[in-house]
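Read the structure below first, then the notes.
Quick note: the coordinates plus some simple rules give every number you see, no bench work behind them. Computed from a predicted structure; not experimentally measured. Here the Cβ is made from the backbone with ideal geometry for all residues, glycine too, and neighbour counts use every protein chain on show.
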Amino acid sequence: MARIRPRSLLFFTRQFSSMVNSHLRLKQILESMANDPSTDKNMRPVLRHLSDSLDRGMDLDVAMGSRRDVFNQDYISIVRSGVQSGKLGSALEHLTKYLSEAHQNRSKLLTAISYPVFIFIIFLIMFHIMVFFILPRFELIFKEFDKPLPELTRWVLAFSHFYLEHLTIIITLLVLPVTMFLTTRMSSKWRLIWDTYKLNVPILGSLWKLSALHRFLSSLGLQVKNGVLIVDAIPLAGSAANNLFLRSISDQVKQSLQDGASVTVAFSPHPLFQGVALQMIRAAEESGVMAEPLISTADHFNELLQSRIQVITDLVTPILTIILGMIITMMLISAFLPVFELGGLQR
């Protein structure tokens with residue numbers, strides 16, 4: 001089964017929202033989009049499935065529920081609230097904004113790390129060319145002349161010898177932790193540990209925290225705005241945050257609400273929500289209007305996330321570029337010094 005990309009889901013939601021607000025029949029909309037050449041080819045079978053499900057008398061949210069590989073519980077819940085309230089177009093508009101912000105954040109993060117990753121790949125390529133091809137030849141040539149290599153070249157060559165002699169161990173030490181991380185992360189226990197730890201990681205932890213809070217509060221606000229009871233919306237928002245630690249908190253908050261606690265009291269024991277988030281939750285509960293303050297707070301965290309990404313990009317990229325540039329320069333000098341020495345030997 002082909003995977004639906006987040007961008008394709010965003011495109012579908014935006015177009016679907018526009019057509020629903022034009023008061024066209026749902027089946028007509030789905031069939032039209034399924035036959036549209038601009039629609040992602042992997043999305044077309046999903047749209048035909050939804051259309052056929054409507055023919056069999058299913059509601060749209062129930063039909064989407066049979067395709068959990070495409071539509072998550074958060075998405076389905078907001079669609080269900082729109083169907084039940086008769087405001088499907090409005091619900092889809094909110095979903096479009098929510099998915100668009102998530103896509104923009106993901107794109108900015110990828111853009112932010114793409115340049116440092118590119119520089120690092122260039123460094124690795126140059127390093128291995130030096131280690132496997134250039135320096136060993138210079139070593140042989142200087143042995144023939146019975147002359148020592150330049151000191152800097154000897155240092156780099158000594159490191160390259162160490163690297164080649166222990167290459168298997170180095171690869172194992174690099175690959176094994178990644179493999180263990182990917183395999184253990186599949187289990188809920190280890191993923192919970194990782195999702196808890198990563199929120200406190202220097203630099204990147206703040207990005208993960210802001211992103212999780214934005215997704216949680218945005219999802220919670222949209223669901224409440226579309227008529228979902230807050231006690232039911234909280235665990236769904238926890239799932240939308242894509243963080244098991246935050247999901248576990250949402251389950252505890254739901255239990256507190258079911259035990260009769262107020263929304264503010266239910267959230268207050270959890271440090272993740274201390275500060276602006278808790279203040280806005282308290283203000284929203286006191287005013288009796290929950291949706292708009294939650295969405296406003298989510299937007300606030302999204303703006304902080306955008307700002308933090310920009311700051312980190314502006315700081316990390318030049319620092320990493322300078323460090324790798326210095327290392328590459330040192331390697332190039334170590335390669336050119338023997339060339340100059342060879343010229344002197346030949347004369």
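Anyone know which of Val263, Val175, Val201 comes out most mobile in the 10 Å Cα GNM of the chain?
The residue with the greatest mean-square fluctuation here is Val175.
Using only Cα atoms, tell me the angle between helix 230-240 and the longest principal axis of the chain; keep it within 0 to 90° and round to the nearest 10.
Compared with the principal axis, the helix lies near 20 degrees.
Once the Cβ-Cβ distance between Asn21 and Trp190 is put in as r, and R0 is 35 Å, what FRET efficiency do you end up with, to the nearest 0.05?
It comes out at approximately 0.20.
Take the Cβ-Cβ distance between Lys143 and Thr329 as r, set R0 to 25 Å, and report the resulting FRET efficiency rounded to the nearest 0.05.
0.40
Can you give the extra length, in nm with one decimal, that the chain gains between Phe340 and Gln274 once fully stretched, where that is 0.36 nm per residue apart less the Cα-Cα distance?
Gain on extension, Phe340 to Gln274, equals 17.4 nm.
Label the range 6-71 by shape, choosing from rounded, prolate and oblate, from the square roots a ≥ b ≥ c of the eigenvalues of the Cα gyration tensor; if a/c is under 1.5 it is rounded, and otherwise prolate applies when a/b is larger than b/c, oblate when it is not.
rounded
Label-point separation (nm) for His103 and Leu320, each offset 7 Å from Cα along Cα-to-Cβ?
Distance between label points: 2.5 nm.
Just add up the charged neighbours of Ile234: K/R +1, D/E -1, any other residue whose Cβ is under 9 Å from the Cβ of Ile234.
So the surrounding residues net to -1.
How much length is gained on full extension from Leu152 to Val178, taking 0.36 nm per residue of separation minus their Cα-Cα distance?
Going from the current span to full extension adds 6.0 nm.
Using only Cα atoms and rounding to the nearest 10 degrees, what angle (0 to 90) does helix 291-346 make with the longest principal axis of the chain?
Around 10 degrees separate the two axes.
Taking the Cβ of Gly205 as the center, what net charge do the other residues with Cβ under 15 Å away carry, scoring Lys and Arg +1 and Asp and Glu -1?
Surrounding charge for Gly205 is +2.
For helix 135-145, what angle does its Cα long axis make with the longest principal axis of the chain, in degrees from 0 to 90 and rounded to 10?
Approximately 0 degrees, to the nearest 10.
Using 0.36 nm per residue of separation minus the Cα-Cα distance, give me the extension gain between Phe132 and Ala283 in nm, one decimal.
Taking Phe132 through Ala283 to full extension adds about 47.9 nm, to one decimal.
Considering only Ser51, Ser77, Gln28, whose Cα is most displaced toward the positive end of the charge dipole of the range 1-149, charges sitting on Cβ of Lys, Arg (+1) and Asp, Glu (-1)?
Of the options given, the answer is Gln28.
Note down the magnitude of the dipole of the chain about its Cα centre, charges +1 on Lys and Arg C-beta and -1 on Asp and Glu C-beta and zero elsewhere, to the nearest 20 debye.
My answer is approximately 520 debye.
Please tell me which of these pairs span more than 22 angstrom C-alpha to C-alpha: Lys87/Lys108; Lys189/Lys225; Lys87/Lys225; Lys27/Lys97; Lys108/Lys189?
Lys87/Lys108; Lys189/Lys225; Lys27/Lys97; Lys108/Lys189, as the Cα separations exceed 22 Å there.
For Ser256, Ser38, what's the fewest-to-most ordering of other Cβ within 10 Å of each Cβ?
Sorted ascending by nearby Cβ count, the order is Ser38, Ser256.
Which residue, Leu167, Leu60, Leu213, tops the fluctuation ranking in a GNM of the chain built on C-alpha contacts under 10 Å?
Leu167
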